[in-house]
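Written out below as structure tokens is the structure these notes cover.
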Amino acid sequence: MNIMMQHLQQALRWILVMGCGLLSAGVYAGSLPWQNLRDVTLFILPQQPTQLSLSWSDAWQAEAHTDRYFLQDAKGNLLAQQYLDSTSITGSASYALKADGPYQLTIPGYSFRNFRMDVANSLVLLQPPKGRLALTSRQPNSTLYFRTRTGVKNVLGGRYQDGGIVALEAKRLSDGQRVRLTLNQQYDKGFYFDQVALPDSGQEETWQLTLVGQGKAAFWLDGSSNLFAASEEELTALRLLPGQVRLTLGSKLLGPTPKLGMAQFDPNQLPASIQAGLQSTQPRFSANYAFYDVLNRNPTHFEAAIQGMQKMGVKDSLTLLGGTGAQGAMFRVLTASQEVKTGLAAWIKLRIRQQNGGLHYISFADEPNLNYPDYATYQRYFREMAQWVRNYPGAYKAGIRIAVPASSLFIDGPSSSNSSARKGADWTRRLLQDNPGLIDAIAWHEWDHSKNLLSTRWYRYSLQQTVKLVGTDDQGRPKLPLFIDQTNIGSGNSTSPYDQNTFYAGLWWTSVVINSSQDGWLSGLAWFLSIDDENHQKGVVRYDSGKLSMRPVAGTMAFIARHWGNTVQALDNTAFDVDAMAMTSADNQQIILGVNKAARQQQVSLSGLKSCSPDAIQLTLLTASGEQPHALTCQANTAQFTLPPQSIFAMSWKAGP
């Protein structure tokens, strides 16, 4: 896993926050600059036609990382989308806005560029993330404003960031009552934060929030709308208009769906209820580790876990070779020593014994582009190990294959020194050139550092770039199988209970599955981890105070598994914040899986059907409240239905002759 330094664990959000006297001549008197934006969502409500200007410049490692931003109109339609690579370290763009907001500007992080937004004659509302870094205040004791409703439990949350804000002070403007939240400066994991309840006066209230100190700040509001403004006058209710989604089913079959799964676990060590919960997700692919020194001590150490997962239905796997190191701390820089080969031989023998007709890929290092000193060192190690495995008697016949590079990210470099020389794609290209005939698959780890639902389209973009790298056959299929064998909303221990312990993770996972699968190119996708450990609270199974329980994402995985086909079918989709893919199944079912990532209702139509009858099409919704059937109507051969905010849906019907 790509475990980043503490001060980089959360996506940096840089905003120049001005005081309440910023607009002394009136709220709309001049241009309000928002500078040093790094990871933000801003809602813009123009009071008259105006111009939005956006510019960006290098902040850190921009030459090695791709940034992006999205601009949407009041109905969620995409007005602008930019991917900024090494050729766009600096630049600018401008967009004309009408007086029909709210517009939404999303700059998903972790951004490696500083962005500046200028927009005149407009209200601007900031929606910070919950549990994560929001912004940097360039002046001491900067202020923002927010509003609370009565009759709900309003809670102000915050988290200390390196050298940043030390406390949050909220002052109720109606009577001057103050609440102070001192931030604990000792937290060493992303899932810890501080909270304080705000008193309820029995009426709606406006509060002034002071960021005590200066520098990085993480703050948010539970209970009422999590929206902040630079002045009291700019606070306004945010109303998102319904969106329009037009889906058109095509006839072309694009390729097989990937096998979905998670990190390896031993079902035999789990309570029956947890086993049943994991079984409901129907894992077909597992992401494993094999530690050579553990195998040298006990050659059958991993056998029970492999047997148990294969009984659950796991067909294929991808295993990373590593070692446990001193004091049990895993290390990732190996050499082609006899000790390492002996441990790997034990794993190969285990796989030969446990043949199940599937393919089992071995990668000789975990994220070598992050952990090895340079490409040449890893290349020498890889070649010797790959040749050794190729020549091992019975290995290939048992389904053992070789995957590279299991890199930290793929299109971009890892968050480390000399990152531009460590891009997973570049290492893959060189490995393919230097080792003809020794590579059977491409694998990498994709960490969605932005934790933003709109940025999940990056998964599709990454796959598109990877296919260009490996090439396609005469059917348009990648010449090598592609795997994302580790992914989650964040790397290391940077994840938050706000995403892991809520339905948000289900929305995110569904979107990742769709974006990774809808072109028919990916062979396997795995959620990492399966079960929490002491440093990572992001498993499908939660471990808390000695007790195991299923996280909400497990229910989403089970929902997807029940509505998962064998083959991807072409589907056109006009929407930006609704993802959808079409599939066919072996029993002649046609399936549409989709997710509404937005906080707005969507009006959905599906055309391209041979026929349409409400009695023949089953529509099921999954929301934070659970799963339920949903009504649709038919007009000619088009199905129509209303999709609630932040919901997952599945349509299925029997294909006609």
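Would you work out which of Pro199, Gly176, Tyr103 lies farthest towards the positive end of the dipole of segment 6-234, given +1 charges on the beta-carbon of Lys and Arg and -1 on that of Asp and Glu, about the Cα centre?
Pro199
Under the Kirkwood approximation applied to all pairs of distinct alpha-carbon atoms, what is the hydrodynamic radius of segment 258-564 in Å?
Details: mean 1/r = 0.0513 Å⁻¹.
In segment 258-564 this quantity evaluates to 19.5 Å.
About its Cα centre, how strong a charge dipole does segment 258-564 have in debye, to the nearest 20, once Lys and Arg get +1 and Asp and Glu get -1 at the Cβ? Provide the component values of the computation, followed by the final result.
Working: 30 positive and 24 negative charges, 127 e Å.
Its charge dipole is roughly 620 debye.
Ignoring everything except DSSP H segments at least 4 long, calculate the 222 nm mean residue ellipticity for the chain; use -39,500 (n - 2.57) per segment, divide by total residues, nearest 500.
Computed mean residue ellipticity for the chain: -5000 deg cm²/dmol.
Could you give the length gained on full extension between Lys98 and Asp222, defined as 0.36 nm per residue of separation minus the Cα-Cα distance, in nm?
On the way: separation 124, 0.36 × 124 = 44.64 nm, distance 3.16 nm.
Stretched out fully, the Lys98 to Asp222 stretch lengthens by 41.5 nm.
Where the only charges are on Cβ atoms (+1 Lys, Arg; -1 Asp, Glu), what is the dipole of segment 95-219 about its Cα centre, to the nearest 20 debye? Present the calculation step by step, with values, prior to reporting the outcome.
Values: 16 positive and 10 negative charges, 44 e Å.
Charge dipole, segment 95-219, about its Cα centre: 220 debye, nearest 20.
If neighbour count is taken as other Cβ atoms inside 10 Å, put Val340, Val152 in order from fewest to most.
On the way: Val340 22, Val152 11.
Ranking Val340, Val152 by Cβ neighbours within 10 Å, fewest first, gives Val152, Val340.
Can you compute the label reach from Gln433? Point 7 Å from Cα along the Cβ direction, backbone N cut-off under 16 Å, restricted to segment 374-410.
Flagged as within label range: 375-377, 379-380.
Quote the charge dipole size of the chain about the Cα centre in Debye, to the nearest 20; the model charges only the Cβ of Lys and Arg (+1) and of Asp and Glu (-1).
Values: 57 positive and 50 negative charges, 185 e Å.
So the magnitude is around 900 debye.
Per residue of segment 192-197, what does 6.51 cos²θ - 1.76 cosθ + 1.60 with θ = phi - 60° give for ³J(HN,Hα)? Whole Hz please, x for Gly and Pro, Karplus curve as stated.
Couplings: 9, 7, 10, 9, 8, 7 Hz.
Suppose the chain between Ala376 and Ser417 were pulled fully straight at 0.36 nm per residue; how much longer would it get relative to their current alpha carbon spacing? Don't skip to the end; give the middle numbers.
Values: separation 41, 0.36 × 41 = 14.76 nm, distance 1.65 nm.
Answer, rounded to one decimal: 13.1 nm.
Averaging sequence separations of C-alpha pairs under 8 Å and six or more residues apart, then dividing by the length of the chain, give the relative contact order as a whole percent.
Details: 1673 pairs, mean separation 88.1, N = 657.
Answer for the chain is 13 percent.
Mind sorting His445, His563 by how few other Cβ atoms lie within 10 Å of their own Cβ, fewest first?
Numbers: His445 27, His563 21.
Sorted ascending by nearby Cβ count, the order is His563, His445.
I'd like to know which of Ala639, Gln275, Met312 lies farthest towards the positive end of the charge dipole of the chain, counting +1 on Cβ of Lys and Arg and -1 on Cβ of Asp and Glu.
The listed residue farthest towards the positive side: Met312.
For Ile89 and Gln640, calculate 0.36 nm times their separation in residues minus their Cα-Cα distance, and state this gained length in nm to one decimal.
Working: separation 551, 0.36 × 551 = 198.36 nm, distance 4.37 nm.
Full-extension gain reported as 194.0 nm.
Once Cα Rg over 2.2 N^0.38 Å is worked out from the coordinates, which option in (1) 1.18; (2) 1.23; (3) 0.98 does it equal?
The value matching this structure is (3).
For Asp519, Asp175, what ranking results if the residue with the fewest other Cβ atoms within 10 Å of its Cβ goes first?
Listing Asp519, Asp175 from fewest to most nearby Cβ atoms yields Asp175, Asp519.
At a Förster radius of 60 Å, what calculated FRET efficiency corresponds to the Cβ-Cβ distance of Asp266 and Gln48, to the nearest 0.05? Intermediate values should be presented prior to the final figure.
Numbers: r = 64 Å, r/R0 = 1.06.
Given R0 = 60 Å and the Cβ-Cβ separation, E is 0.40.
Calculate the FRET efficiency for Arg562 and Ala80 from the Cβ-Cβ distance with a Förster distance of 30 Å, rounded to the nearest 0.05.
My answer for the efficiency is 0.20.
Positive end of the charge dipole of the chain (Lys, Arg +1 and Asp, Glu -1 on Cβ, about the Cα centre): tell me which of Phe112, Trp521, Gly539 has its Cα farthest that way.
Working it through, the farthest residue towards the positive pole turns out to be Trp521.
Just grab the label-to-label distance for Thr324 and Leu173, each label 7 Å out from Cα along the Cβ direction, in nm (one decimal).
Result: 6.0 nm between the two label points.
Say each of Gln465 and Thr574 gets a label point 7 Å from the Cα, pointing the same way as Cα to Cβ; how far apart are those two points in nm?
Placing both labels 7 Å along Cα→Cβ, they lie 3.1 nm apart.
What angle do you read, to the nearest 10 degrees and between 0 and 90, between the alpha-carbon axis of helix 504-517 and the longest principal axis of the chain?
Between the helix axis and the principal axis of the chain, the angle is about 50 degrees.
Rule-based calculations on the coordinates, nothing more; no lab input. Since this is a predicted model, take the numbers as computed values, not measurements. Virtual Cβ from ideal backbone geometry, glycine too; neighbours counted across all protein chains shown.
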